[in-house]
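Bear in mind these aren't lab numbers, they're just calculated from the coordinates by the rules spelled out. None of these values were measured; they are calculated from a predicted model. Glycine also receives a Cβ, built like all others from the backbone with ideal geometry; neighbour counts cover every protein chain displayed.
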Amino acid sequence: MNRTTEPALLLPDKITVPEPEVTELKNGVKVYCVNAGEQEILKLEIIFRAGEWYGDKIALATMVNKLMEAGTSAKTAYELSQAFDYYGAYIETECTADVASVKLFTLTRFAKETFILLMEMLTDAVFPEEEMELFATQNIQQLRINRKKVEYLARVKFNHLLFPSGHPYGRIADEESYRQHSQNDLKKWYTETYCPQNCLAILSGKTDDNTLQYLNDTLGEWKSKVQHQPVELNYPSEFIPQKSFIPVEGAVQSAIRIGCRIPNKLHPDFASLTVLNTVLGGYFGSRLMSNLREDKGYTYGIGSATVSMVHSGYFFVTTQVAATVKEDALIQIYKEIQILREQEIGEVELQLVKNYMIGTLQRSMDGPMAISDRIKSTLIYGLKMNYYENYLHVIKNISPEQLIHLAKTYLHTEGMVEVVAG
Amino acid sequence: MLKFEKHTLKNGLTVIVNYDSSTPLVAMNILYKVGARNEDENKTGFAHLFEHLMFGGSVNIPSYDEPLQRAGGENNAFTNSDFTNYYLTLPVQNIETAFWLESDRMLSLAFSEKSLDVQRHVVVEEFKQRYLNQPYGDVWLNLRPLAYKVHPYRWATIGKKISHIEQATMNDVKDFFATWYRPDNAILTLSGNIQPETAFTLSEKWFGEIVSRPVKNKIIPQEPPQTEKRILELQRDVPANTIYKAFHACSRFDDDFHATELLADVLTGSKSARLYYKLVKQDKIFNALSTYFTGDLDKGLFIIDGRLEEKISFQTAEKALDAELAKITSELISEKELTIVQQKTESALVFSEMNIANRALNLAYFEMIGGAELINKQIESYRSVTREKILSVAKNIFRQENESVLYYKTKEEKK
């Protein structure tokens, strides 16, 4: 047997991008359904335009999102938690800068009971003051712990420099943030943003004949008392490239974060930039990993990413390196970015990256709950699932010349925000 | 109910396949039955360092990662006290690449000096990043040797100290490979769009010729029963005082295993769990509180980990904690508490079967502990736990002489 030759490879020309079934409930709420999978389980995610973007009060959006679990007029936090526990169901709340969501994970056979509980939380949360106080003390202690982490210090400073002047993507919560909002502030935000006109739902997993009916009987019956008025404020789209150093006494490693703003998913270049980023630091065999980890042993890991948010996007490199080598690590990172701008990528490397990315795209859509995440990350931009067909097309067809052009357009080594902590 | 087929090659390699035609992918998992518990006490951290070296090229293939990525695949690995696990997923049409790569590194490694040198540095940086440069990062480096005096669980997977990693030699690497990386000491599992017959044929083709090496079984010294409470105080630059209690508990093979896991959930498994509710929400003694059972192959630990509220003293906190433990060791839990933890465990198990990589790992894990078919008996095992069983397990665990306590203090704290 020949063990020295790589087996022949085959990669798909097409990827099946599953189209969700769209249903409109009685009250007009759209539900995207992915009925698939072998296990008798469901995930119901209800997504609201209720992230920090829609207000100017730091941490208010997060507090409302997290404290929805803290009790209703009929149930204390304890009773509500126990009610979900009784069916083995889980609630997860998530608040990003753009959207806030509530996710329910349940066995299909308890769909009816758990949908009712979920609606109780969404329509009748009361935000008890002692729960607000507990939330504050827990978050303040966590904040103090985070401030001992070089990675955290570099990350929040970086976001702040990239999105300055109170921009919701760059705001940093401090200890006061969690105590400055009154119960009325929370209730007002809750009533105005968590309402049927401001949401959509994704249902994934193994549904049965009754699941949609149950959803119509619960979520579909929701009628809001207020007319939702989205508030959008304007923030500067510029940032000032600069270097920032945060000394940390006794740190044996330094956290590094370097990056700049780029367009988001709505721009045709975003997909191509993701390919460029993969070459640089988006996978284990990337140039940054090969150089700083596998050649020099400076770090346990280094990576880079392109991030898309509804109103902007950014690119960044992140690592933690031995404190003694941080200067050279910075030199190497800039060197690798510069090479992207100057030297054409070789055919073998580009083909590897393309194949890897196609595999990653397939993995990202494997199973109903993975598909539901993909649906979410297009819907919030008003995009459809054919976004991924286009994305596959971009990966397959991008050329070395296009990559150089992209690097020259978007990645200027002198146009970066650089933060080093420790 | 997870369906699978099992086949053992002549060289002792066990192969298990779960066929799922709904995915275009396949996950491959190889578990080697070697972990930090098999290490020499003067060469700790070696099983994990070795895991890094498994990516440094094999006898016929200079790079593991490159061809896998070219095939659209992704992979990773982890090491713990009991075993070392390698896993990958890729589009099923390229499955042969996975067999080619995994079989070659089971056949033999390249044993490259450059790779050893670089990975020593990488692992030292991992040590710093995860254990030294993090608030509370060194808890396990201290708690393990407090709770274990004899068993190799007394050191963490990363190793006792950085110098052990720095001193690893190529001879150590070769010895370790010859001793542990044998086909009969491994379990190969696949989950995804591959028929069992196809997988068995490919396993014969690629792994069949690997010769099994002689077994050098080293007996792992077992921990004698603890006879008195142990205490350790540490002072660090952290923002909150934290208490860690470690109690000796049962092994993965013990009849008490499932009850011990449920006991941890009864105490802090959710916001309505009794310990969490009483001590965090009601009495505001702790700001964060969790309990968990390590569930290791040899006798593991039951841990209580509580971060104190700002103005609460260690003495007050421990007294409150002990009062709750006194209750759970003297009174039956309620029917409702039992139903809740059983129901939650059941749905967690069903959710964990959704992902092909998880399925492949779980099959390998259960094969290691006695047979892959045990995977389908889990729900029944948790369902058959009674309130009386939980009481007897709690009584057996929460004894003062069975306890090690770590007081992890802020710098400002003076006692």
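Determine ³J(HN,Hα), in whole Hz, for all residues of region A:247-255 in sequence, where each value follows from phi through the Karplus function 6.51 cos²θ - 1.76 cosθ + 1.60 and θ = phi - 60°; x replaces Gly and Pro.
Result, ordered by residue: x, 10, 4, x, 5, 8, 9, 10, 8 Hz.
If you take each beta carbon of peptide B:348-356 and count the beta carbons of other chains within 10 angstrom, what is the mean? Walk me through the numbers on the way to the answer.
Values: counts 3, 2, 8, 10, 1, 4, 11, 4, 3.
So the per-residue partner count for this stretch is 5.
Can you give me the C-alpha center-to-center distance between region A:385-422 and region A:1-30, rounded to a whole angstrom?
Using only Cα atoms to place each centre, the spacing works out to 23 Å.
First measure r as the distance between the Cβ atoms of residue B:227 and residue B:386, then evaluate 1/(1 + (r/R0)^6) with R0 = 35 Å and state the FRET efficiency to the nearest 0.05.
Taking R0 as 35 Å, the efficiency between residue B:227 and residue B:386 is 0.70.
Would you order B:108, B:203 from fewest to most other beta-carbon atoms within 10 Å of each residue's own beta-carbon?
B:108, B:203
Between residue A:234 and residue A:266, what is the label-point separation in nm under the 7 Å Cα-to-beta-carbon projection?
1.6 nm
Quote to one decimal, in nm, the extra length available between residue B:198 and residue B:149 on full extension: 0.36 nm per residue of separation minus the C-alpha distance between them.
Length difference between fully extended and current span is 12.8 nm.
Could you list the GluC sites (Glu not before Pro) in region A:278-361 that lie in coil according to DSSP, counting only those with at most 14 other Cβ atoms within 10 Å of their Cβ?
Taking region A:278-361 and a limit of 14 other Cβ atoms within 10 Å, the loop GluC sites (Glu not before Pro) found are A:344.
By how many nm would the segment from residue A:386 to residue A:243 grow when fully extended, if each residue of separation counts as 0.36 nm and the alpha-carbon distance is taken off?
47.5 nm
Go ahead and estimate [θ] at 222 nm for the protein assembly as shown from helices alone: -39,500 (n - 2.57) per DSSP H run with n ≥ 4, summed, over the residue count, rounded to 500.
-11500 deg cm²/dmol
Would you mind ranking A:258, A:140 so that the residue whose beta carbon has the fewest other beta carbons within 10 Å leads the list?
The order, fewest Cβ neighbours first, is A:140, A:258.
Among B:55, B:12, B:45, flag the residue with its Cα farthest along the positive direction of the charge dipole of region B:1-132, charges on Cβ as +1 for Lys/Arg and -1 for Asp/Glu.
Among B:55, B:12, B:45, the one farthest towards the positive end of the dipole of region B:1-132 is B:12.
When the label point is put 7 Å from the Cα of residue B:138 along its Cα-to-beta-carbon vector, which residues of region B:230-260 have a backbone N closer than 14 Å?
Residues B:233-238 fall inside that zone.
So, in nm, how far is label residue A:414 from label residue B:330 when the simple model puts each one 7 Å beyond its Cα toward the Cβ?
So the two model labels end up 7.6 nm from each other.
When the Karplus curve 6.51 cos²θ - 1.76 cosθ + 1.60 is applied with θ = phi - 60°, which whole-Hz ³J(HN,Hα) does each residue of region B:376-389 get, with x for Gly and Pro?
8, 10, 4, 4, 4, 4, 6, 5, 7, 6, 9, 5, 5, 5
Whole-Hz ³J(HN,Hα) for each residue in region A:196-211, computed from phi via Karplus 6.51 cos²θ - 1.76 cosθ + 1.60 with θ = phi - 60°, x for glycine and proline: what do you get?
Taking θ as phi minus 60°, the curve returns x, 6, 10, 9, 9, 10, 10, 10, 9, x, 9, 8, 10, 4, 8, 4 Hz for region A:196-211.
For residue B:210, enumerate residues with amide H under 5 Å from its amide H, sequence gap 5+ or separate chain, H modeled in the peptide plane.
none
Over chain B, what number does the Rg to Rh ratio reach, with both radii from the alpha-carbon atoms and Rh per Kirkwood? Intermediate values should be presented prior to the final figure.
On the way: Rg = 22.9 Å, Rh = 23.2 Å.
With Rg and the Kirkwood Rh in hand, the quotient comes to 0.99.
For region B:9-75 and region B:368-412, what is the separation of their C-alpha centers, rounded to whole Å?
Their Cα centres are 30 Å away from one another.
Mind giving me the nanometre distance, one decimal, between the label points for residue A:23 and residue A:183, set 7 Å out from Cα along Cα→Cβ?
3.8 nm
Give the residues of region B:274-314 whose amide nitrogen is closer than 18 Å to a point set 7 Å from the Cα of residue B:396 in the direction of its Cβ.
B:292-303
What percent do you get for the relative contact order of chain B when only Cα pairs under 8 Å and 6+ apart count?
22 percent
Where is the GNM fluctuation largest for chain A (alpha-carbon springs, 10 angstrom cutoff): A:149, A:408, A:296?
Taking springs between Cα atoms under 10 Å, the residue moving most is A:296.
With N set to the number of residues, divide the alpha-carbon radius of gyration of region A:142-202 by 2.2 N^0.38 Å and report two decimals.
The reported ratio for this selection is 1.49.
Can you give the average number of partner chain beta-carbon atoms within 10 Å of each beta-carbon in peptide B:14-22, as a whole number?
Whole-number average of other-chain Cβ neighbours for B:14-22 is 1.
To test your reading of the geometry: what angle, between 0 and 90 degrees and rounded to tens, separates the Cα axis of helix A:269-281 from the longest principal axis of chain A?
Helix A:269-281 and the main axis of chain A meet at about 60 degrees.
Can you give the mean number of other chain Cβ atoms that lie within 10 Å of the Cβ atoms in peptide A:291-299?
Partner Cβ neighbours, averaged per residue: 4.
Sequence-distant or interchain residues sharing an amide H contact under 5 Å with residue A:246, placed H: which?
A:420, A:421, A:422
What FRET efficiency do you get for residue B:358 and residue B:209 if R0 is 30 Å and r is their Cβ-Cβ distance, rounded to the nearest 0.05?
0.45
Tally Lys and Arg at +1 and Asp and Glu at -1 over the other residues with C-beta under 10 Å from the C-beta of residue B:271: what net charge comes out? Please list the in-between numbers first.
Numbers: positive: B:281; negative: A:69, A:85.
With Lys, Arg at +1 and Asp, Glu at -1, the net is -1.
Determine Rg/Rh for chain A; Rg is computed over alpha-carbon atoms and Rh is the Kirkwood hydrodynamic estimate from the same atoms.
0.99
Rounded to the nearest 0.05, what FRET efficiency do residue B:169 and residue B:254 give with R0 = 56 Å and r taken as the Cβ-Cβ distance? Could you check?
That pair, residue B:169 with residue B:254, gives E of 0.90.
Counting residues in region A:21-221 as N, plug N into 2.2 N^0.38 Å and put the Cα Rg over that result.
1.09
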